[in-house]
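The values are calculated or read from the model by the stated rules, or taken from the named source; none is laboratory data. Everything numeric here is computed off the predicted structure, so don't read it as measured data. Because the Cβ atoms are built from the backbone with ideal geometry, glycine has one as well, and the counts that use them run over all protein chains shown.
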Amino acid sequence: MNTLIQANDLTKRFGTRLAVDHISLSVGEGEVFGLLGHNGAGKSTTIDLLLGLKSPDSGTSTIFSLDPRKHRKDVFSQVGVQLQSTSYQNNITVRECCEEMAALYREPADYEELLSQFGLFEFQNKKVETLSGGERQRLSVALALLPDPKVIFLDELTTGLDTVARREVWRTLLQLKKKGVSMFLTSHYMDEVEVLCDRILILDHGKEVVMDTVDNIIDKSPYKRLEEAYLWYMGEEVIA
Amino acid sequence: MSTFLKVFKVEAKLGMRCIDSVFFGVIMPAGVFLLIAALCGSKPAYDGSSYTMLEASFGALITVGICATAFMGIPLTIADYRDKKILKHFFVTPTSPLLLLGSHFVLQVLLSICSAGIIFLLASICYGYRIKGSVVLFLLSYFFVMVAMYSLGMAIASVCKTVKATNVVCTVVYFPMLFLSGATIPYEVFPTPLQKIAEFLPLTQGIKLLKESSLGIPVGNLTLAIIVLASSCHGKIRISLGIKTLI
């Protein structure tokens, strides 16, 4: 399996606080990798470091064996990104949003096709701010797929969505997984992680607690479900 | 169509949907010009002046469009896009946030030129106004003022961390400049002490340059004007710092 994302000993400090503490990981082709941890555990900072949006204090990271800060064009023409709580320009319509994003890539996917695939075709002339939470998140995924990416980064994609909307998003992501698209995602929902992820890394205060396949992580704990196993690894009380 | 044009097309549509910049940048200065022209356009600018109030106001009012875009359009859009992580999102595409900022910059430049153009057309068609001085010098002064004001606006956008802070700072800079520099209320009607205070506003110097170049009278204190304006251009180095703080 080809390694698409590789991080070695990444460390990032904000003042005296270590936000990311010597993290190493790799994500292979077609793999779905989940990053878990409490709020403020360093998940978004790790994503920012992997994408080259922040410079690490030490350590290195590559996507397709390239440094994303030095080879932005080569890397980001094949990477889709949905950043945490992204908003859109005031008054922009779904179609304009797609047109603008598609303009940034040399060979973008057909956005009308993507919109139909995500059930958003009839909303093309609607303003993005009038879409429901689920529709807006589906739009985020559709936009992340515009470069026809080999890897997509999804930061807390389903936070704030209701159960139905979350499952709609899962269905889409599972279809992508079938197509062999690699994914790097962060989530607070263990059921979601169990359904989607092949391997996970649990972070606590920027440090690795455990990294393994979902099954192994559950097996190594005294529990049968990921949610309880997660709490056990984090040293929290598990209410059975 | 190039990437820039496609992005520009979308951003221009969004810009036009938000009426403030069109109102404050284009409609308002044209309205103030017509008002001054109707009330006291043919009167001398001050006792013993060789030019009329209308001629004096022309050079002043064409800067309102520059200021509206420099202190509202550009900084507020940048701050808003930074808050919404739209600029950050451009960093994870094969292009750069500069593409988005560039398209906004061009849009605002076009708006202010459009504002100045409308005032010029109104003045020349309705009141037979003609630029008496050197047109080249006048145009150079116009773009010099534009660069200076845009630099200040960009500096504000890059230093302020939130939309709210940007809004407050822009208001504090924009309104005194609009009223005290002679852009809307003719500088000539101010009492001398107020004129002395206004001397320190970059826009006052810019308007003096524009007035003098359009009226064809010798530029009074050119060194002071250039120093004050160039020091506001200096804010431009903030842009490079600002790009760093955008994400």
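Could you tell me whether segment B:118-135 includes any residue that is within 11 Å of chain A (Cβ to nearest Cβ) and farther than 17 Å from B:GLU11 by Cβ?
Initially, segment B:118-135 is screened for residues within 11 Å of chain A (Cβ to nearest Cβ), giving none.
No, there is no match, as no residue in segment B:118-135 is within 11 Å of chain A (Cβ to nearest Cβ) and farther than 17 Å from B:GLU11 by Cβ.
How many of the residues making up segment B:58-98 are within 14 Å of chain A (Cβ to nearest Cβ) and either of a type outside the set (Gly, Ala, Ser) or buried (at least 21 other Cβ atoms within 10 Å of the Cβ) (or both)?
Of all residues in segment B:58-98, those within 14 Å of chain A (Cβ to nearest Cβ) come to B:73, B:76-98.
Of the ones still in play, those that are also either of a type outside the set (Gly, Ala, Ser) or buried (at least 21 other Cβ atoms within 10 Å of the Cβ) (or both) are B:73, B:76-95, B:97-98.
Going through segment B:58-98 one residue at a time, the tally reaches 23.
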Apart from one, (1) touching a Ser or Thr at 6+ places or on another chain (Cβ under 9 Å); (2) of a type in the set (A, V, I, L, M); (3) under 22 Å from B:PRO176 (Cβ atoms) all hold for B:ILE86; the odd one out is (3)
Report whether or not A:LEU154 is crowded, with 19+ Cβ neighbours inside 10 Å, in a helix (DSSP H, G or I) and modelled with pLDDT of 90 or more.
-> no
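Does A:VAL193 count as under 17 Å from A:GLY37 (Cβ atoms), among the aliphatic types (A, V, I, L, M) and buried (at least 19 other Cβ atoms within 10 Å of the Cβ)? Full working, then the answer.
Numbers: under 17 Å from A:GLY37 (Cβ atoms): yes; among the aliphatic types (A, V, I, L, M): yes; buried (at least 19 other Cβ atoms within 10 Å of the Cβ): yes.
So A:VAL193 fits the description; yes.
Pick from A:ASN125, A:ASN90: which is within 22 Å of B:THR3 (Cα to Cα), surrounded by fewer than 19 Cβ atoms within 10 Å (Cβ to Cβ) and more than 10 Å from chain B (Cβ to nearest Cβ)?
Only one candidate qualifies: A:ASN125.
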The one condition in (1) without any contact (Cβ under 8 Å) to a residue 40 or more places away in the chain; (2) within 24 Å of the chain's Cα centre (by Cα) that B:LEU111 fails to fulfil | (1)
Identity of the residue in segment A:51-77, facing another protein chain (nearest Cβ under 9 Å) and touching a residue at least 40 places away in the same chain (Cβ under 8 Å), that ends up nearest to A:ARG17 (Cα to Cα) | A:LYS54
Given (1) assigned to a loop (DSSP other than H, G, I, E, B); (2) within 20 Å of B:ALA68 (Cα to Cα); (3) among the charged types (D, E, K, R), number of the condition B:ARG130 does not satisfy | (2)
